[in-house]
Amino acid sequence: MAIHEIGIIMNGVTGRMGTNQHLIRSILAIRDQGGVTLPNGDAIMPDPILVGRQEHKVKALAEKHGVARWSTDLDACLADGHNTVYFDSQTTQLRAASIKKAIAAGKHIYCEKPTADSLAESLELARIARKAGVKNGVVQDKLFLPGLLKLKRLVDSGFFGRILSVRMEFGYWVFEGDWQTGQRPSWNYRAEDGGGIIVDMFAHWRYVLDNLFGEVRSVSCLGMTHIPERVDEQGKPYKATADDAAYATFLLDGDIVVQANSSWTVRVNREDLLTIQVDGTEGSAVAGLRDCKVQHRVNTPKPVWNPDIPNPHKFLEQWQEVPDNQLFDNGFKVQWELFLKHIVTDSPFPWDLLEGAKGTQLAELGLQSWKERRWIDVPELTL
């Protein structure tokens with residue numbers, strides 16, 4: 001058995017998601033399991049080097065998790081031929097410039113989304129990566145959630161018949177930072193720092209909708225800044241200049257209508273932080289992050305509107321659970337493994353920088369729709 005060691009520059013993993021999902025639950029978990037096993041018995045072993053701007057943070061993170069390599073010098077890491085992959089989970093405003101450096105150094109690219117602040121820059125990244133001949137991928141983690149994998153299984157089986165509509169509810173209450181500390185960093189609520197729920201979440205909704213139900217063809221969006229003032233990590237009040245809620249409608253191929261509410265100002269009265277209900281001519285389903293319930297047409301109750309009597313139906317009990325039927329690994333880790341296989345064996349990996357640009361495109365069009373108070377078509381993207 002041969003070991004294919006891959007040096008990976010991990011830039012910006014001192015943040016919550018970078019640490020938990022990409023470092024601990026993906027790269028370190030892959031190392032602990034002995035690497036990514038290939039069909040011929042070989043294994044791919046990631047060799048990370050943690051990179052950050054603040055020495056005390058990146059050093060402490062490396063020492064805590066037994067990572068031998070760390071640095072504050074990105075240029076030196078890029079110059080090291082052992083490092084063949086560049087991964088970026090910095091804030092969006094810093095991402096594009098670093099990716100351009102990495103492409104110029106001949107590194108393969110894997111990064112979080114949004115890939116850049118603007119569609120123009122996202123497309124530029126995709127173009128220069130293609131011209132340089134480097135392999136590239138964008139994190140699209142929600143496709144690998146157990147609930148959405150079950151939903152995809154239903155779609156592929158024809159369970160729904162003709163899909164009519166999709167209803168998506170996402171969000172939770174993010175505390176303002178005064179009497180309770182906020183669960184998200186303060187920059188998320190400042191537009192000048194790249195914040196806003198439209199920029200954050202529409203990148204997700206684009207790949208979820210495109211991959212599960214059909215290409216997004218048009219969008220209507222209303223954004224809101226419900227909480228105008230918050231308190232930052234230093235206890236100082238600041239003006240929230242970015243949207244903290246978005247109420248959108250998307251039209252997909254096949255005239256599938258999607259209603260998507262995204263909010264950091266909603267208290268959860270549903271079974272999960274994200275729920276997706278799909279209604280079709282033959283059946284319906286409701287998926288969360290891990291679970292999925294279905295109701296076929298033959299099991300659909302026949303309620304009659306009558307406000308003068310107590311509700312005779314226990315609607316939530318009239319759905320059936322979709323069984324697991326497989327073991328579900330961490331979604332971030334699964335996609336990391338696929339990307340590493342793509343690097344070593346050239347196996348397919350469709351979620352490239354162009355796909356990432358589609359998410360940036362939808363966010364821009366959502367913001368434009370809000371500003372102009374109208375429906376906007378979504379043009380096809382090409383390089």
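The values are calculated or read from the model by the stated rules, or taken from the named source; none is laboratory data. Here the structure is a predicted model, which means the values were calculated and not measured. Here the Cβ is made from the backbone with ideal geometry for all residues, glycine too, and neighbour counts use every protein chain on show. The area values use the complete protein model at the heavy-atom level, side chains included, leaving out ligands, DNA and RNA. Shrake-Rupley method; radii C 1.70, N 1.55, O 1.52, S 1.80 Å.
Listing for the model above:
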| item | result |
| --- | --- |
| Matching entry among Leu327, Leu289 (being open to solvent by 50 Å² or more (accessible area, probe 1.4 Å), in a loop (DSSP other than H, G, I, E, B) and at pLDDT 95 or above) | Leu289 |
| Hits in the stretch 332-383 - residues which are surrounded by fewer than 17 Cβ atoms within 10 Å (Cβ to Cβ) and within 16 Å of Tyr86 (Cα to Cα) | Val344 |
| Within the stretch 38-64, considering residues that are touching a residue at least 60 places away in the same chain (Cβ under 8 Å) and either part of a helix (DSSP H, G or I) or open to solvent by less than 10 Å² (accessible area, probe 1.4 Å) (or both), the one farthest from Leu338 (Cα to Cα) | Pro46 |
| Those residues of the stretch 294-311 which are within 24 Å of Leu149 (Cα to Cα), open to solvent by 40 Å² or more (accessible area, probe 1.4 Å) and touching a helix residue (DSSP H, G or I) at 6+ places or on another chain (Cβ under 9 Å), in sequence order | Asn299, Thr300 |
| Unmet criterion (only one of (1) over 18 Å from Phe332 (Cβ atoms); (2) open to solvent by 70 Å² or more (accessible area, probe 1.4 Å); (3) not charged (D, E, K, R)) for His4 | (2) |
| In the stretch 163-184, the residues that are open to solvent by 40 Å² or more (accessible area, probe 1.4 Å) and either within 20 Å of Ala260 (Cα to Cα) or out of contact with any strand residue (DSSP E or B) (no Cβ under 8 Å at 6 or more places or on another chain) (or both) | Leu164, Arg167, Glu169, Tyr172, Trp173, Phe175, Trp179, Gln180, Thr181, Gln183, Arg184 |
| Residue tally, condition among the β-branched types (Val, Ile, Thr) and not in a strand (DSSP E or B), over the stretch 245-256 | 1 |
| Where a residue in the stretch 237-265 is closer than 16 Å to Asp279 by Cβ and its partner, wherever it lies, is modelled with pLDDT of 95 or more and open to solvent by 50 Å² or more (accessible area, probe 1.4 Å), with Cβ under 6 Å and at least six apart | Thr249/Gln259; Leu251/Arg217; Gln259/Arg167 |
| Selection count where residues are over 16 Å from Asp244 (Cα atoms), outside any strand (DSSP E or B) and in contact with a strand residue (DSSP E or B) (Cβ under 7 Å, 6 or more places away or on another chain), scope the stretch 257-274 | 1 |
| The lone exception for Gln277 - which of (1) part of a strand (DSSP E or B); (2) over 30 Å from Phe332 (Cβ atoms) it fails | (2) |
| Condition check for Ile9: at pLDDT 95 or above and farther than 24 Å from Leu94 by Cβ | no |
| So Thr225, is it without any contact (Cβ under 8 Å) to a residue 60 or more places away in the chain, within 25 Å of Leu381 (Cβ to Cβ) and of a type in the set (Ser, Thr, Tyr) | no |
| From the options Ala126, Ala104, Ala116, residue that is under 23 Å from Leu340 (Cβ atoms) and within 20 Å of the chain's Cα centre (by Cα) | Ala126 |
| Count of residues meeting criterion [buried (at least 16 other Cβ atoms within 10 Å of the Cβ), touching a strand residue (DSSP E or B) at 6+ places or on another chain (Cβ under 6 Å) and not in a strand (DSSP E or B)] in the stretch 228-244 | 3 |
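Residue by residue, here is whether (1) of a type in the set (Ser, Thr, Tyr); (2) touching a helix residue (DSSP H, G or I) at 6+ places or on another chain (Cβ under 6 Å); (3) surrounded by fewer than 18 Cβ atoms within 10 Å (Cβ to Cβ) holds:
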{"residue": "Tyr207", "(1), (2), (3)": "yes, no, no"}
{"residue": "Arg217", "(1), (2), (3)": "no, no, yes"}
{"residue": "Asn261", "(1), (2), (3)": "no, no, yes"}
{"residue": "Ile276", "(1), (2), (3)": "no, no, no"}
{"residue": "Thr281", "(1), (2), (3)": "yes, no, yes"}
